[in-house]
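Single-structure report; data block below.
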Amino acid sequence: MEIRDKMLPVLAPKGGREEIQALQEVIESGWWGKGPKVAEFEEKFAEMVGHKYAVAVTSASHGQDLVMKAMGFKGIDVINPTISFIATAMIPLWNGFTTNIVDVKRDTLCIDPEDVEKFKKPNSEVMIAVNQAGVPCDYEALRKVFGGVILEDTAHSCYTPGAGQGGDVAVWSFQAVKTMPCGDGGMITSNDKELIEKCREMTWFGVSSTWSRASGATPGYAWDYQVDILGYKYYMIDIAAAICLEQMKKLPANLEFRRHVQKRYNEELHPIFERPPHSETVQYYCPRIPEKIINQAPDGSGYGSKVTRDNLIDYLADKKIHTSVHFKPLHMYKPLLQNRHYSVADTEWLKFISLPVHNRMVEEDIDYVIYWCNRWVEEEYL
């Protein structure tokens, strides 16, 4: 197969005329900040995920930070899975908490309840449970071993039916390469009205919404306001919400295509690739490649050479296919070093690779990825 001219990205957003029209309407409205589009998006998103309340924010990271602040804890320990983006471990540190990183289950790469039970501390009050690649954590098992607040990280789960219902509060992501992107943004959802309203108040320095005062929701234009709580600048604006509302309409079809890509990879990749668990969102498609020793003496002596996941990454890059790894374990980063062994993560992360999955792909792109993955197996691995 001929090598393509342009790099095929591993992840990418897709928009169209609908998003452009929605942006034009916001721009022409004269109200670009937090206003009616944000309110509409909050209401519709909460309904979609089955929660009573929602507040839109600038990013999922800011959403998790707001939840930590709104809960009012001091000096606590926060449990994290080691397979996660670094934000989930950094956010507790922003708040003066400790980050307690535990291992994951081999099959799903989600947080391991047994490791939670083993390493939880007396002051472990919060757990961030990440639905890795859109696959839900085992919340029933987690509840049996952990009695604190479960913050469900649903950044990869928009939308897996039932996602957001396992934790006490959920935080969603609309970052540029997520399943429902707007450039960047997030949403906090919960059935806890008090928590959501406190988060909402904190999104703009503790000030009530300018839109609610300017739109006539309150009599006249109430220029004055009271600030009763320490706040931040974490609110979503109507420009982002307008894109999200259009992406939300397209979400069912977009997810159907992503599952189609998943199905083709599952059916057509060489058997040496260990298939990931089924995902409804297919935020990432992460098969695993066992390390293999080649060029060793017939009697098994000598070191030989290794064929690894990283060899495949380099090989595919030469064929203009961008891949990634989701994720390098958190406990390997200097600010997050932990004095313990991670029997699953330390070995499994060396095997998995993220192959392209996004809605800009066409059938020929899927053919191309499958062809060169299988060709690598034949040329380099077998």
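The values are calculated or read from the model by the stated rules, or taken from the named source; none is laboratory data. This is a predicted model, so every value here is computed, not measured. Here the Cβ positions follow ideal geometry from the backbone for every residue, glycine too, while neighbour counts run over all protein chains shown.
Applying the criterion of being surrounded by fewer than 13 Cβ atoms within 10 Å (Cβ to Cβ) and of a type in the set (Ser, Thr, Tyr) to the residues of the range 325-382, the residue that is nearest to Ile289 (Cα to Cα) is Thr347.
When the range 50-67 is filtered for residues that are over 10 Å from Tyr234 (Cα atoms) and either touching a His at 6+ places or on another chain (Cβ under 6 Å) or surrounded by fewer than 22 Cβ atoms within 10 Å (Cβ to Cβ) (or both), the ones remaining, listed by number, are Gly50, His51, Lys52, Tyr53. Going through (1) charged (D, E, K, R); (2) within 30 Å of Asp318 (Cβ to Cβ); (3) free of Cβ contacts under 8 Å to residues at least 12 places away in the same chain one by one, Lys14 falls short only on (3).
Restricted to the range 209-252, and to residues there that are among the polar types (S, T, N, Q) and either surrounded by 18 or more Cβ atoms within 10 Å (Cβ to Cβ) or within 11 Å of Lys34 (Cα to Cα) (or both), the residue that is modelled with the highest pLDDT is Gln247. Do we find that His331 is under 19 Å from the mean Cα position of the chain (by Cα) and outside any helix (DSSP H, G or I) in this structure? Taking the combined requirement at face value, the residue does not satisfy it.
Please tell me if Glu201 is closer than 16 Å to Ala39 by Cα, out of contact with any strand residue (DSSP E or B) (no Cβ under 8 Å at 6 or more places or on another chain) and at pLDDT 75 or above. Yes.
Taking Met90, is it assigned by TED's automatic domain parsing to the domain that holds Phe119 and closer than 15 Å to Pro335 by Cα?
Yes; evaluated as a whole, the condition is true for this residue.
Put simply, of Ala39, Ala56, Ala89, Ala70 the only residue that is closer than 29 Å to Asn191 by Cα, part of a helix (DSSP H, G or I), of a type in the set (A, V, I, L, M, F, W, C) and within 21 Å of the chain's Cα centre (by Cα) is Ala89. Within the range 225-265, the residues that satisfy the criterion of being in a loop (DSSP other than H, G, I, E, B) and more than 20 Å from the chain's Cα centre (by Cα) are Tyr225, Gln226, Val227, Asp228, Ile229, Leu230, Gly231, Tyr232, Ile237.
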